[in-house]
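Colleague: The following block contains the structure, expressed as structure tokens.
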Amino acid sequence: MSQQDVLPDVLTTGLKVVFCGTAAGRVSAATQSYYAHPQNQFWRTLAAVDLTPRQLQSHEYHELLSYGIGLTDLAKSHAGMDSDIPREGFDPAAFQAKIQYYHPQFVAFTSKKTGQVYFKRPVTYGLQAEQIGATRLFVLPSPSPAARGSWDVSYWQALAGLIRTP
């Protein structure tokens, strides 16, 4: 983690999936834990789709490694709503280099915005045609309370099914 990173990456080799957000939200930055807003669906959903055996609390985010799950963001040195992040705050090249180094089975972008920033084009939910090396890329509806109108757990279920398929 560089001194500028709002939250440290949670990455190692051999991961099943790395969840990639746009940037840490304000509550996450303040508490130094991923997906920390009390109405964020991230932790509930991981348990609901059986990617974790129980609902973890945001401050337990390092435990995800034991379940083959990692975390990162496209904008490591900024926090706030997507609209608060300046274009130059995103570093898709650094993200891609991390994924090439750690080579998880999947990367799951946790919002359309995150996918659009990475791909530099509009995206749809689900598995994408592009890959980073052998890593498959998936776009999910945002678990953020600000994106409640586009919430659909079925894409999270589909991703979990792909992850569990040998």
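The values are calculated or read from the model by the stated rules, or taken from the named source; none is laboratory data. This one's a predicted model, so the numbers in the text were calculated from it and none came from an experiment. Here Cβ is always computed from backbone atoms with ideal geometry, including for glycine, and neighbour counts include all displayed protein chains. When the accessible area is computed, the model is the full protein with side chains, heavy atoms only, and any ligands, DNA or RNA have been set aside. Shrake-Rupley method; radii C 1.70, N 1.55, O 1.52, S 1.80 Å.
Colleague: Go through the stretch 111-125 and count every residue that is open to solvent by 10 Å² or more (accessible area, probe 1.4 Å), within 22 Å of Y35 (Cβ to Cβ) and either assigned to a helix (DSSP H, G or I) or touching a residue at least 60 places away in the same chain (Cβ under 8 Å) (or both).
Modeller: 6
Colleague: Among what's in the stretch 5-18 and is outside any strand (DSSP E or B) and among the β-branched types (V, I, T), pick the residue that is surrounded by the most Cβ atoms within 10 Å (Cβ to Cβ).
Modeller: V6
Colleague: Next up: Let me spell it out: the conditions are (1) under 24 Å from G161 (Cα atoms); (2) at pLDDT 95 or above, and K113 meets all of them except one. Which number is the exception?
Modeller: So the condition that K113 fails would be (2).
Colleague: Within the stretch 42-51, track down each residue that is open to solvent by less than 70 Å² (accessible area, probe 1.4 Å), in a loop (DSSP other than H, G, I, E, B) and farther than 15 Å from D152 by Cα.
Modeller: Keep residues of the stretch 42-51 that are open to solvent by less than 70 Å² (accessible area, probe 1.4 Å), which gives 42-43, 45-47, 49, 51.
Filter once more, so that each one left must be in a loop (DSSP other than H, G, I, E, B): 49, 51.
The one that is open to solvent by less than 70 Å² (accessible area, probe 1.4 Å), in a loop (DSSP other than H, G, I, E, B) and farther than 15 Å from D152 by Cα: L51.
Colleague: Sort out which residues of the stretch 136-166 are among the β-branched types (V, I, T) and without any contact (Cβ under 8 Å) to a residue 60 or more places away in the chain, and write them in order of number.
Modeller: Scanning the stretch 136-166 gives V139, T165.
Colleague: Here are some conditions: (1) modelled with pLDDT under 95; (2) at positive phi. Q32 meets all but one. Which one does it not meet?
Modeller: The failed condition is (1).
Colleague: Confirm whether Q39 is in a loop (DSSP other than H, G, I, E, B) and closer than 18 Å to Q157 by Cβ.
Modeller: no
Colleague: Sticking with this structure for a sec: Looking at this structure, is L64 assigned to a helix (DSSP H, G or I) and crowded, with 16+ Cβ neighbours inside 10 Å? Working first, answer last.
Modeller: On the way: assigned to a helix (DSSP H, G or I): yes; crowded, with 16+ Cβ neighbours inside 10 Å: yes.
Yes; evaluated as a whole, the condition is true for this residue.
Colleague: Moving on to the next point. Out of all the residues in the stretch 126-140, which are over 8 Å from V107 (Cβ atoms) and either part of a strand (DSSP E or B) or in contact with a strand residue (DSSP E or B) (Cβ under 9 Å, 6 or more places away or on another chain) (or both)? Spell out how you get there, then give the answer.
Modeller: Here is the first cut: in the stretch 126-140, the ones over 8 Å from V107 (Cβ atoms) are 126-131, 133-134, 139-140.
Scanning the stretch 126-140 gives G126, L127, Q128, A129, E130, Q131, V139, L140.
Colleague: Then there is this: Which residue, of A75, A94, A79, is touching a residue at least 40 places away in the same chain (Cβ under 8 Å), of a type in the set (A, V, I, L, M, F, W, C), under 28 Å from Q4 (Cβ atoms) and open to solvent by 20 Å² or more (accessible area, probe 1.4 Å)?
Modeller: A79
Colleague: Continuing with the same structure: If you scan the stretch 17-51, which residues turn out to be over 15 Å from the mean Cα position of the chain (by Cα) and without any contact (Cβ under 8 Å) to a residue 24 or more places away in the chain?
Modeller: V27, A30, P38, A47, listed by residue number.
Colleague: Filter the stretch 87-110 down to residues that are under 25 Å from G149 (Cβ atoms) and assigned to a loop (DSSP other than H, G, I, E, B) and give me whichever is modelled with the lowest pLDDT.
Modeller: So, considering only residues that are under 25 Å from G149 (Cβ atoms) and assigned to a loop (DSSP other than H, G, I, E, B), the one modelled with the lowest pLDDT is F90.
Colleague: A further question follows. Looking at the structure I just gave you, is D84 open to solvent by 30 Å² or more (accessible area, probe 1.4 Å), over 16 Å from the mean Cα position of the chain (by Cα) and on the phi > 0 side of the Ramachandran plot?
Modeller: Against the criterion (open to solvent by 30 Å² or more (accessible area, probe 1.4 Å), over 16 Å from the mean Cα position of the chain (by Cα) and on the phi > 0 side of the Ramachandran plot), D84 does not qualify.
Colleague: Let me ask something else. Is one or more of the residues making up the stretch 19-41 of a type in the set (F, W, Y) and open to solvent by 10 Å² or more (accessible area, probe 1.4 Å)?
Modeller: Of the residues in the stretch 19-41, the ones of a type in the set (F, W, Y) are 19, 34-35.
Checking the rest, the ones that are also open to solvent by 10 Å² or more (accessible area, probe 1.4 Å) come to 35.
Among the residues of the stretch 19-41, at least one is of a type in the set (F, W, Y) and open to solvent by 10 Å² or more (accessible area, probe 1.4 Å), which makes the answer yes.
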